[in-house]
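Values in this text are rule-based calculations from the coordinates and carry no lab data. On a predicted model such as this, the values are computed, not experimentally measured, just so you know. As a convention, Cβ positions derive from the backbone with ideal geometry for all residues, glycine included, and neighbour counts pool all protein chains shown.
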Amino acid sequence: MSFSSEDIKVYQQFHHYDFDGNNEYKEGLVAVLQKYIFMQAEKDPSLKKEVDAGNLDTNKIKPEDKDQLIAQTKVFFFCKQTGNILDLDDYRRWVSSNPPELNSPQYSANYEQLVDMIVNNKPIPGIKKIPDTVLDPQTSSKHVLKERSKPWEKKD
């Protein structure tokens, strides 16, 4: 199947979208997964007991169902944010027909900035700089309290 250049542009934009850095998406995903658990609880009495007790463990969702829910949530959120239309099945076909370097994980801008600061030996904000000094034994303070005895040491 051939894809139009406009479709490819949308697929690439979706592929590189930073979902992990978007709090609105993360909150929406949690809501979707919890709603799915509620729906499953209506069919499964043991799950209903857990849900009624307040246990909304999303790890109880089957991995294939969870992957599908995550993918659908990403598509919905992406389309809502960008105004583009994306078909998940076509996107998956496009991903499978592209070279592996496109499928490599993309790091967030914050991670890349942090790596750049470390590589270039730049100061990292929020990290306290500790001087490379060693105290001279004559100038360092001496301890004045006697050491605590261990429980097995006898007191005389």
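Descriptive notes on the structure:
- Within the chain, longest stretch free of exposed trypsin sites (Lys or Arg not before Pro) [DSSP loop, at most 11 other beta carbons within 10 Å]: 1-127
- Cα shape, the range 35-156, gyration tensor, a/c 1.5 rule: oblate
- Between the amide H of residue 86 and any residue lying 5 or more places away or on another chain, no distance stays under 5 Å, with hydrogens modeled in the peptide plane.
- Other residues within the sphere of radius under 15 Å centred on the Cβ of residue 13, judged by their own Cβ, net out at -2 (K and R +1, D and E -1).
- Rounded to the nearest Hz, the phi-derived 3J(HN,Hα) couplings of the range 123-129 under the Karplus curve 6.51 cos²θ - 1.76 cosθ + 1.60 (θ = phi - 60°) are x, 9, x, x, 9, 6, 7, where x marks glycine and proline.
- Where labels lie 7 Å past Cα in the beta-carbon direction, separation of residue 79 and residue 135 in nm: 6.5 nm
- For residue 66, the lysines whose Cα comes closer than 19 Å to its Cα, not counting residues fewer than 8 places off in the same chain, are 26, 35, 43, 48, 74.
- Dividing the helix sum by the residues of the chain, where each DSSP H run of 4 or more adds -39500 (n - 2.57), gives a mean residue ellipticity at 222 nm of -16500 deg cm²/dmol.
- Label zone (residue 111, point 7 Å along Cα-to-C-beta; backbone nitrogen cut-off 13 Å) within the range 41-74: none.
- For the range 5-98: rounded, prolate or oblate by the Cα gyration tensor [a/c cutoff 1.5]: prolate
- Where chymotrypsin sites (Phe, Trp or Tyr not before Pro) in DSSP loops with at most 13 other Cβ within 10 Å are excluded, longest remaining stretch of the chain: 1-106
- In the chain, Cα pairs under 8 Å separated by at least six residues give a relative contact order of 20 percent.
- Under the Karplus curve 6.51 cos²θ - 1.76 cosθ + 1.60, θ = phi - 60°, whole-Hz ³J(HN,Hα) for the range 8-16, x wherever Gly or Pro sits: 4, 4, 5, 4, 5, 4, 5, 4, 9
- Couplings for the range 132-143, taken from phi via the Karplus curve 6.51 cos²θ - 1.76 cosθ + 1.60 with θ = phi - 60°, read 8, 10, 10, 6, 6, x, 6, 8, 6, 6, 9, 7 Hz in order; Gly and Pro are left as x.
- Rounded to 0.05, the FRET efficiency of the residue 5 and residue 40 pair, given R0 = 41 Å and the Cβ-Cβ distance, is 0.50.
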